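J.: I am attaching a structure below and will ask some questions about it afterwards.
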């Protein structure tokens, strides 16, 4: 899903989402209004609103996926730091305070939900050997 303006809702990413922020709980009606507004006008307002209430921070990872890489995550009280091969790729302020969770999801199915209220589902061609 595209949660951060300027970062596509697909591909390999380092990401943190914190929906436990108080603002997330109170944002139901304003979010619906922002999505409606963007269906009619500019999408920037809803995109920024969704990012704010979801606490989302993302960075796209453009790597050679046929090579081995080292991934590190430094989860601290005030920020989470993501590294690939020793290089910083993302600093996410205000990470969730609960136990660490990691999701690695690889398949050829997709579901798209945009801040503009668009929904799509389908599959992508996966040519070649998969492992």
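J.: Just checking, which of 48, 52, 116 is outside any strand (DSSP E or B), surrounded by 10 or more Cβ atoms within 10 Å (Cβ to Cβ), at pLDDT below 80 and out of contact with any helix residue (DSSP H, G or I) (no Cβ under 8 Å at 6 or more places or on another chain)?
T.: 48
J.: Right, here's the next one. Just to be sure before I move on: is residue 35 outside any loop (DSSP other than H, G, I, E, B), at pLDDT below 75 and under 13 Å from the mean Cα position of the chain (by Cα) in the structure I sent?
T.: So residue 35 fails the test.
J.: Another question, if that's okay. Assess whether residue 95 counts as being surrounded by 12 or more Cβ atoms within 10 Å (Cβ to Cβ) and modelled with pLDDT of 65 or more.
T.: Spelling it out, residue 95 is indeed surrounded by 12 or more Cβ atoms within 10 Å (Cβ to Cβ) and modelled with pLDDT of 65 or more.
J.: Do you know which residues across segment 64-92 are loosely packed, with under 13 Cβ neighbours inside 10 Å and under 28 Å from residue 129 (Cβ atoms)?
T.: 64, 65, 66, 67, 68, 69, 70, 85 - these are the residues of segment 64-92 that are loosely packed, with under 13 Cβ neighbours inside 10 Å and under 28 Å from residue 129 (Cβ atoms).
J.: Within segment 72-98, which residues are free of Cβ contacts under 8 Å to residues at least 40 places away in the same chain and over 16 Å from residue 15 (Cβ atoms)?
T.: Within segment 72-98, 76, 77, 78, 85, 86, 87 qualify.
The values are calculated or read from the model by the stated rules, or taken from the named source; none is laboratory data. Please read all numbers here as calculations on a predicted model, not as lab measurements. Quick reminder, even Gly has a Cβ in these numbers, built from the backbone with ideal geometry, and neighbours come from all protein chains shown.
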